Structures are given as C-alpha cells and as structure tokens.
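The values are calculated or read from the model by the stated rules, or taken from the named source; none is laboratory data. All values reported here derive from a predicted model rather than from experimental measurement. Positions of Cβ are backbone-derived with ideal geometry, glycine not excepted, and every protein chain shown enters the neighbour counts.
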Amino acid sequence: MSLKFSTGIKIYGLFAAFFFPMIMFAQKNDTVYLLNGDRISGEIKRYEDGLLVLKTDGMTTINIEYEKIKTFFSGKYYEIVKKTGFSYFGSIVESKTERSIGVVITNDTVTEPITDIVEITPIKNRFWKKFYGSIDLGVSYYKSTKTLQYYLNSEINYRAKKDLISLDLSLMLSDQKISDTSLISKKNDVSLNYNHFFKGKWWGGLGGKYQQNTELELESRFQLGLGAGYDIVHTNPIRFYVMGGLLVNQEKPTDSVSATTNFEGLMSLKFTWLQHRHPKIDISTYFNAFPSFSVSGRWRLEYDLVTKYEILKDLYISLTYYDNYDSKPSGGGSALNDWSVIFSIGYTF
C-alpha cells in the first residue's frame with residue numbers, strides 16, 4: 001500500500017514538473033480584452049499612436065485600435081508613457097475599470113485610462129526586437145520633358161529604455177534628356193540622430209547629416225548639431241512638437257574645390273496625425289528654419305508634407321511634397337529653392 005502511494009506521489013510529481021511550467025507559460029501570454037467581449041492572446045509588440053500591435057498565437061500580427069480595447073494583461077516589463085510626458089516602468093494587469101489598465105510598479109498598482117497613454121514600449125534584452133521603421137520606393141517619367149525620376153526614402157529606428165537612435169535616408173535622382181545629352185539632378189539627405197527622453201515632455205539629443213542638392217548648386221553639406229524639443233500636444237492620434245538647436249556645417253558648392261564652415265541656429269515645428277480605423281491614414285508635416293550666424297541675412301528653410309494611405313496590411317501608397325529654400329546659396333547661383341511632388345509605394349516593419 002505504501003509502495004503504491006509512494007509511486008503515485010512520484011508520478012504526480014513528474015506530471016506537475018512537466019505540465020506546471022507549460023501552464024505558467026500559458027498564463028504569461030499577453031491577453032487583450034475587447035469591449036465587444038472578445039479576448040485575444042499573443043505577444044504585445046508595442047503601443048503607439050493609438051494602435052496596439054499584437055503578435056497572436058497563430059503568428060499573425062494585428063493592429064488593435066485603442067477605442068476597441070477594454071483592458072489587457074502582460075507580465076513583461078514595459079515603459080508606459082502618458083500624454084503628460086510622465087513615464088512608468090512595470091508590468092500590466094487587467095483593470096476592473098473599463099478602458100483602463102493596471103500598471104504594476106514597486107509595491108503598488110496604478111490604474112490608468114487607456115486614453116491617457118500614448119506609448120507602451122517593451123523593455124527587452126533581445127537586440128533586434130527594438131528595431132522598427134519603413135521604406136518607400138518611387139519611379140516616375142514625364143514624357144513632355146523626357147525626365148525619369150527615382151526616389152528612395154527609408155527610416156530605421158532603434159528604441160531603448162529612454163533613448164532613440166534614428167537613421168533616415170532620402171535619395172532622389174532625376175535624369176532629363178535634352179537632345180543627345182543627359183541633365184542629371186540629385187537631391188540626397190542622410191541623417192543619423194540620437195535622442196534622450198527626460199521626465200515630462202522634454203527631450204534632447206545630437207545628430208549628423210549629409211546633404212546634396214544640385215538644383216541649389218550644393219555638392220555637399222556635412223552638418224553636426226545639438227538640440228532640445230518639447231511636446232506641445234502628444235495624444236493617441238496627434239503629436240505636435242517644437243525644437244531648437246545650434247548647428248555647424250561645412251558646405252562645398254558644385255563649382256568650387258574649397259568648402260566653407262558655417263554656424264547656424266535651428267527652429268523646428270512638426271505635426272503628425274493618424275487615423276486608426278481602416279483605411280489607416282498617416283499625415284505628417286514639418287518646417288525647419290536655419291538662420292545663419294556666419295553669413296548676414298542668410299536663411300535656409302525646409303518644408304515637408306507626407307500623406308500615407310494603407311492599401312494592405314503594412315503596405316501603403318504615399319504622396320510627398322517638399323520645398324527647400326536658401327536665400328544666399330553657397331554656390332552663388334540664381335536658383336533659391338527646389339521643390340517636388342513624389343508618389344511612392346512603401347512598407348512599414
């Protein structure tokens with residue numbers, strides 16, 4: 001009798017040792033509870049711009065609009081950013097209050113309405129999980145002017161706990177046939193920026209940029225700068241911020257072998273708006289002003305407007321308008337501004 005009892009204990013122990021971790025693993029799955037009563041399990045990738053990105057158990061990644069969420073659960077560690085700029089660090093549990101979550105911090109659980117949260121970022125050790133971005137490709141041909149235009153725009157971001165590193169590429173080449181010759185025009189921008197997010201709505205950082213614009217007779221511009229920004233509005237559909245800074249650049253005109261060094265200021269405004277429901281629409285616009293401290297009366301201005309319309313999941317069409325202005329181009333040419341309208345197809349990841 002005792003032998004059977006002992007054997008039973010051992011079998012039960014083996015059963016528990018094998019299945020208990022599996023049960024605990026299942027309980028650790030992230031779970032999203034919707035207002036219509038549905039429940040979806042998977043892995044929360046991030047929450048941004050009012051969209052919760054969830055990789056489901058079936059390996060499909062879906063976007064859930066914040067208006068449809070009742071509450072959700074995840075035992076992982078996150079940074080949760082409110083629209084006031086205040087941040088929590090902790091895990092997430094279901095809230096008894098509808099359209100809210102419980103943020104588990106040290107010795108306490110704080111209830112926060114989902115409408116007050118603008119960003120949830122997993123704090124993971126896995127390096128590649130922290131990357132996200134987009135890529136746009138465009139080709140156009142104008143028969144009347146015999147102009148062929150190529151366009152590539154890409155953005156790659158790496159997000160750590162309180163830091164963001166961004167690499168931005170914007171490359172455009174126009175080839176116009178005039179008689180038997182080709183008139184080639186280039187506009188290239190490559191930038192690498194680092195930003196650190198402080199408590200509240202302030203952030204700051206440094207960055208470098210390379211520019212080329214043959215329309216403005218600019219062979220190259222290498223730029224380094226420091227800046228600080230402040231979020232005036234940061235809600236789920238809208239972000240509006242201002243930024244200021246100091247820059248130093250080295251410019252080389254197309255008709256010169258020598259380069260000049262310039263000191264400039266930076267004043268920047270950026271506005272973004274996102275429609276969450278299908279079809280998803282993303283509109284962003286920014287305006288940069290660069291008053292020169294080295295050349296009296298010189299101003300450089302940059303304006304950009306981008307509209308993206310999602311046609312399939314993560315696939316969108318885009319319409320971009322840009323205008324670059326320089327009151328006193330370093331090459332001394334007659335052209336003061338360069339602008340274009342670009343149609344492209346893009347993908348987000």
Review point. What is the number of the single condition among (1) over 25 Å from Asp49 (Cβ atoms); (2) in contact (Cβ under 8 Å) with a residue 60 or more places away in the chain; (3) under 25 Å from the mean Cα position of the chain (by Cα) that Ser256 does not meet?
Key: (3)
Check your understanding: If you take the residues of region 37-51 that are without any contact (Cβ under 8 Å) to a residue 40 or more places away in the chain and part of a strand (DSSP E or B), which of them is farthest from the chain's Cα centre (by Cα)?
Key -> Arg39
Study note, to complete from the structure: So, first residue farther than 23 Å from Asp282 by Cβ in region 319-330, second residue in a strand (DSSP E or B) and small (Gly, Ala, Ser), Cβ within less than 9 Å, six or more apart or across chains; the pairs are Ser327/Ser292; Lys328/Ser292
Check your understanding: What number of residues within region 156-200 satisfy the criterion of being over 17 Å from the mean Cα position of the chain (by Cα) and either among the basic types (Lys, Arg) or in a strand (DSSP E or B) (or both)?
Key -> 18
Exercise for review: Could you please find all residues in region 187-205 being buried (at least 16 other Cβ atoms within 10 Å of the Cβ) and basic (Lys, Arg)?
Suggested key: Lys187, Lys201
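Sort through Glu310, Glu302 and tell me the only one that's under 24 Å from Leu171 (Cα atoms), out of contact with any Pro (no Cβ under 8 Å at 6 or more places or on another chain), of a type in the set (Asp, Glu) and part of a strand (DSSP E or B). Spell out the reasoning first.
Numbers: Glu310 fails: out of contact with any Pro (no Cβ under 8 Å at 6 or more places or on another chain).
It is Glu302.
Pick from Asp49, Asp57, Asp38: which is at pLDDT 90 or above and among the charged types (D, E, K, R)? Break it down into steps so the answer makes sense when it comes.
Working: Asp49 fails: at pLDDT 90 or above; Asp57 fails: at pLDDT 90 or above.
On inspection, the qualifying residue turns out to be Asp38.
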Check your understanding: Of the conditions (1) in a strand (DSSP E or B); (2) of a type outside the set (Ser, Thr, Tyr); (3) modelled with pLDDT of 90 or more, Glu79 fails just one. Which one is it?
Key -> (3)
Point to revise | Counted residues, region 44-61 - those being surrounded by fewer than 16 Cβ atoms within 10 Å (Cβ to Cβ) and either in contact with a strand residue (DSSP E or B) (Cβ under 6 Å, 6 or more places away or on another chain) or among the small types (Gly, Ala, Ser) (or both) | key: 5
Review point. If we scan region 63-76, do we find a residue that is among the aromatic types (Phe, Trp, Tyr), more than 18 Å from Phe197 (Cβ to Cβ) and assigned to a strand (DSSP E or B)?
Key: yes
Revision key, fill the gap. The condition from (1) within 24 Å of Ser256 (Cβ to Cβ); (2) touching a residue at least 40 places away in the same chain (Cβ under 8 Å); (3) part of a strand (DSSP E or B) that Tyr151 misses is numbered (1)
